[in-house]
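Participant: To start, I am sharing the structure in question, which I have written as structure tokens.
The values are calculated or read from the model by the stated rules, or taken from the named source; none is laboratory data. Values in this document were obtained by computation on a predicted structure and should not be read as measured data. A quick note on method: Cβ atoms are made from the backbone with ideal geometry, for glycine too, and the neighbour counts reach across all protein chains shown. What goes into the accessible areas is simple: the full protein's heavy atoms, side chains included, and nothing from ligands, DNA or RNA. Shrake-Rupley method; radii C 1.70, N 1.55, O 1.52, S 1.80 Å.
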Amino acid sequence: MSDSRIVFENVSKFYGEVLGVNRVSLSIPPGITSLVGPNGSGKTTLMNLMTGLLRPTRGSVSVCGVPTSDPENLFKLMGYCTQFDSYPKGFTGYDFVHSFLRLAGYEAREAERLAWAAIERVGMQDAAKRKVAGYSKGMRQRIKLAQAVSHDPRVLILDEPLNGLDPLVRAETIALFRDFATEGRHLLISSHVLHEVDIISDQVILMSSGYVVAEGQIKAVREEIEDHPMQILIRCDRPQRLASRLFEHDHVVEVKVHADGQGLLVKTRSADQFYLMMNRIATGDFRIDTVAPVDDDVNSVYGYLIGAEEATR
Amino acid sequence: MNAQWMRQLGAVVSLEWKKSFFNRRSLWIYLLAALPMVIFVGHALETKFTRERLARQRTPQVTMERARTLREGMTPEQVEAILGQAPSRQTRGSRRNRIQSWNYSDGERQINVRFRNGELERWSSNESCNVSEDLHIFAGVYQFFFLRLMVFFGCVFVFLNLFRGEMLDKSLHYYFLAPIRREVVVAGKFIAGLIATTVIFGTSVALQLGALYWHFDGPKLEQYLSQGGGWQHSLAYVAITGLACLGYGSVFLTGGMLLKNPLIPAAVILVWESINGVLPAMLRKLSVIYYLKSLCPVEIPIDKGVPPFLAMLVMNVEPVAPWIAVLGLVVLSGVMVTLAARRSRTLEIQYGAE
Ligand SMILES: Nc1ncnc2c1ncn2[C@@H]1O[C@H](COP(=O)(O)OP(=O)(O)O)[C@@H](O)[C@H]1O
Ligand SMILES: [Mg+2]
């Protein structure tokens, strides 16, 4: 049983004096797990510890029974799509995916097949022979994802994979995650926006200031979310018109036109439905510049959850 | 070693070698490698011009055989009777102490005859190209500039950047996220760096020797190559260059991985290598240049004219036998690469803090 879990045993990581994560003990079962916390709460640190990019100051980490100090075996079963937005110089998308498959030890022919399969999976066939340096942010995100899944790992770790994706690609990417998280696989997704990942997750781990503050089935968390709608800022032209369109939907609780007349503040109960709705509107006659969750609101949900958690201790 | 590791090693090398050769920053190395060639091409051209001048000034009457009949105390008239009129004459000194200097050419050599107060004082002949002198010059430039500075800094550049370059580019993590032992990554990167530096600097040495030999006359060159050990010397120079890349490369690979600021170790090692000649015997053996100097085929004569600082750099105290020197270098670099491989296992990816 423990051989299919990701296990942290009393793990701490300090960057010199700075705390990364502290006294984390976790045993993560297969399925989709989201790692949620505000910026600087230790999500990336936890993921880097899990993949051996960082070594714990104290404690130990193992993934499906493999210690993280053994990359040769660890990455046979794991793929990690990092938050770093940097790529080997001069590579095309295809070269990038292909050459790291070669590095993994695949024969040229097999590596080629796997590379194309992964590239198709993220819908990048048309751009695969172009230089990564010329890609848009969303394309880079997708080729990075292709590289991480190319060897079909049992454990997939994704650090803020939805960051910077436009609503259309976001929906496709989420579908891809669902598709990936079939029987027995691990999918670990981090986000600083709880509403973004709650729908697809089987379990959540909430982090704050380097500590795991809550962990468990999504249901309990979801109830809290129902009471605390997600707040989203939309920058667009003709905010009044858009506001009236948005009000037609049940999940929208509140819409306020922003003070500067250039945007809207929307409160919704369902991030999923909200983004689907935005997809339809974005293809219509509005010019929409940005769609971004408002952090203040997210923090208040944390405050609520974390407060509740601490009260029960 | 198993087949999988070998395949992965090949994959690392094929990813890396292009970087070492074609990186825009590698332009430096090509400049370093080209510098000594400038010296020898320049020297060859100068010799060519001298030879052409001597051929133009040649008078049929002048031969070495005749010149050998010149005796001390002869008058200018007697000399003219033997060698004819000198094409170039100079007179200097005071009335009491008048010096005349006549230059003849037999087409290959310059023959100089000197008179003091109307009497032949001495004569000398000077070849346009002096093989043994040129070989000494080459040996000096090779040991003093090429090994100590060009190959040294070329290796600093290539090998310090093997890991650092990718930390700065923030792309090292891709290597660490593949199912490959980090030791294999270290070995692959090292081999790629070694290939690049050896090819670049080995080619440079070969071209330098080519330029040097270019101006030797046919027969002299043939004699040097076949009987004077010329081929062995040439091969030895190229091989020593490869060993220098191995030695310095391993040192800087490890230095770059163990230390935060690698330029300080580079400077320290430069000084350490320079004072090698005056170190106690035990410490002397802990250096790269000691073994390289022991292998150099042509010894540099150190006469009184050489300044003590230069003499210290060139002098080879107690050279060791070639096989010990090669073994010493291989062991040294083996230890270094092993240290680097062990360090790689605990290396963390923290680009932000760099
Ligand atoms: N390389 C580093 N050096 C020093 N402190 C760091 C480093 N990386 C992260 N930290 C600190 O560790 C904490 C957790 O950071 P991180 O794991 O990146 O959080 P998150 O991914 O949730 O935004 C933060 O306080 C951050 O400042
Ligand atoms: Mg992060």
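Participant: With a cut-off of at least 3 residues that are within 16 Å of ligand 2 (Cβ to nearest atom), in contact (Cβ under 8 Å) with a residue 60 or more places away in the chain and in contact with a Leu (Cβ under 9 Å, 6 or more places away or on another chain), name the strands (runs of 3 or more DSSP E) lying wholly within region A:1-87.
Facilitator: Fully inside region A:1-87 and qualifying: A:18-28, A:31-36.
Participant: Additional query: Can you tell me which residue among B:ASN117, B:ASN130 is within 25 Å of B:LYS48 (Cα to Cα) and surrounded by 12 or more Cβ atoms within 10 Å (Cβ to Cβ)?
Facilitator: Step by step, each of B:ASN117, B:ASN130 is checked, and only B:ASN130 is within 25 Å of B:LYS48 (Cα to Cα) and surrounded by 12 or more Cβ atoms within 10 Å (Cβ to Cβ).
Participant: Return the residue satisfying two criteria in turn: it lies in region A:33-77 and is more than 9 Å from ligand 1 (Cβ to nearest atom) and among the β-branched types (Val, Ile, Thr), and of such residues it is farthest from A:GLY105 (Cα to Cα).
Facilitator: A:VAL36
Participant: Give the number of residues within region B:1-41 that are within 30 Å of A:GLU110 (Cβ to Cβ) and modelled with pLDDT of 90 or more.
Facilitator: Of the residues in that region, 12 qualify.
Participant: Still on this structure: When the residues of region B:86-114 are filtered to those that are in a strand (DSSP E or B) and of a type in the set (Ser, Thr, Tyr), which remaining residue is farthest from B:ALA44 (Cα to Cα)?
Facilitator: Ranking the qualifying residues of region B:86-114, first place goes to B:THR91.
Participant: Is it the case, given these coordinates, that A:ALA146 is within 14 Å of chain B (Cβ to nearest Cβ) and surrounded by 15 or more Cβ atoms within 10 Å (Cβ to Cβ)?
Facilitator: yes
Participant: Out of (1) more than 13 Å from chain B (Cβ to nearest Cβ); (2) open to solvent by 60 Å² or more (accessible area, probe 1.4 Å); (3) touching a residue at least 40 places away in the same chain (Cβ under 8 Å), what's the single condition that is false for A:TRP116?
Facilitator: (3)
Participant: Next question. Please list, ordered by first then second residue, the pairs with beta carbon atoms under 7 Å, 6 or more apart or interchain, first in region B:98-109 and closer than 22 Å to B:THR75 by Cβ and open to solvent by less than 20 Å² (accessible area, probe 1.4 Å), second of a type in the set (S, T, N, Q) and at pLDDT 90 or above.
Facilitator: Close Cβ pairs satisfying both conditions: none exist.
Participant: Just need a number here: residues in region B:168-203 that are away from chain A (no Cβ under 13 Å), in contact with a helix residue (DSSP H, G or I) (Cβ under 6 Å, 6 or more places away or on another chain) and β-branched (Val, Ile, Thr).
Facilitator: Total satisfying the criteria: 5.
Participant: Follow-up. Quick one: what pairs do we get from region B:8-32, first residue away from chain A (no Cβ under 13 Å), second among the polar types (S, T, N, Q), C-beta under 6 Å, 6+ apart or different chains?
Facilitator: Once the first residue is away from chain A (no Cβ under 13 Å) and sits in region B:8-32, no partner that is among the polar types (S, T, N, Q) comes close enough.
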